[in-house]
Amino acid sequence: MKDTNKAISYDQISGESEYTFDPGRFALPVAELPPTDPQELANWSPVVMVQAYAPQMKRTSRFYEKKTGTPPQIPTPKDAGAFQILSGTLVFDAPKAHANGTKFDWGVAGEYTFIQAVRVDPKDGFLLNGLPIELETQRQNAIQYGQGAAPSAGPVVQAGQDAKVGYAQAQYISFSDPRYAYNTPTYFPGQFLNDDLLNGT
């Protein structure tokens, strides 16, 4: 259960999810000089790409939360759906007493690293850290998109309800319509990946 009833006590909620891609490929140099024929040179490469193993993806989840009066809710360091935990660190600030001595300020930082134990395809989108409180936009999105489209593979299949709502909301994204909206904070849709941006397009 989320700590929504104490939402006003949270002084800071911050987090980030870092994804590290490993395509499982290696570049082996070829033992030849570039051809001099222009047609051969157009298709020549100084390397041969070798697929050594299946693509893998790691996710590092970082967070810092600060709360007055009681400790904040933080993510549990354990497997989470499609993500199997590899390592983790938690850092607890020493509670700082208020002048009246009846309350403390609590702060906790953490970093967990996971391996994605399902198919790796960036077009599946990315799961992001959840919040210890529920926002009104999340409640409204659950009503509007809660029974929407569901993926058949990828990390969203095993994700929590909010990320699944985000996946369903993302099906309505249309870059040709300036009125489209997207506001689910726990899922970054694959629709926002552009295959051409790195190629000078």
Failed item, numbered, when Ala159 is tested on (1) more than 23 Å from Arg59 (Cβ to Cβ); (2) at pLDDT 95 or above: (1)
Determine which member of the set Tyr19, Tyr10 is under 30 Å from Lys123 (Cα atoms) and not charged (D, E, K, R). Tyr19
Single residue of segment 145-171 satisfying the filter (open to solvent by 50 Å² or more (accessible area, probe 1.4 Å) and without any contact (Cβ under 8 Å) to a residue 24 or more places away in the chain) that is farthest from Ser17 (Cα to Cα): Gln147
Which of the residues belonging to segment 57-79 are open to solvent by 50 Å² or more (accessible area, probe 1.4 Å) and in a strand (DSSP E or B)? Lys58, Arg62, Tyr64, Lys66
Somewhere in segment 87-94, is a residue touching a residue at least 24 places away in the same chain (Cβ under 8 Å), in contact with a strand residue (DSSP E or B) (Cβ under 8 Å, 6 or more places away or on another chain) and not in a loop (DSSP other than H, G, I, E, B)? yes
Among (1) closer than 20 Å to Pro75 by Cα; (2) surrounded by fewer than 16 Cβ atoms within 10 Å (Cβ to Cβ); (3) of a type in the set (Phe, Trp, Tyr), there is one condition Phe175 misses while meeting the rest; what is its number? (1)
Quick check on segment 186-196. Is at least one of its residues touching a residue at least 24 places away in the same chain (Cβ under 8 Å) and among the hydroxyl-bearing types (Ser, Thr, Tyr)? yes
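Restricting to segment 181-194, name every residue that is aromatic (Phe, Trp, Tyr) and surrounded by 13 or more Cβ atoms within 10 Å (Cβ to Cβ).
Passing the criteria: Tyr182, Tyr187, Phe188.
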Residues of segment 100-110 that turn out to be open to solvent by 80 Å² or more (accessible area, probe 1.4 Å) and in a strand (DSSP E or B), as a count: 1
Assuming Val48 fulfils every condition listed in (1) in contact (Cβ under 8 Å) with a residue 40 or more places away in the chain; (2) assigned to a strand (DSSP E or B); (3) surrounded by fewer than 13 Cβ atoms within 10 Å (Cβ to Cβ); (4) hydrophobic (A, V, I, L, M, F, W, C) apart from one, which condition is it? (1)
Here's a check for you: in segment 119-141, which residue that is among the hydrophobic types (A, V, I, L, M, F, W, C) and either assigned to a loop (DSSP other than H, G, I, E, B) or at pLDDT below 95 (or both) is surrounded by the fewest Cβ atoms within 10 Å (Cβ to Cβ)? Leu135
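The values are calculated or read from the model by the stated rules, or taken from the named source; none is laboratory data. Please read all numbers here as calculations on a predicted model, not as lab measurements. Note that we place each Cβ from the backbone using ideal geometry, even for glycine, and neighbour counts take in every protein chain shown. Ligands, DNA and RNA are stripped out before the accessible areas are found, and what is left, the full protein with its side chains, is counted by its heavy atoms. Shrake-Rupley method; radii C 1.70, N 1.55, O 1.52, S 1.80 Å.
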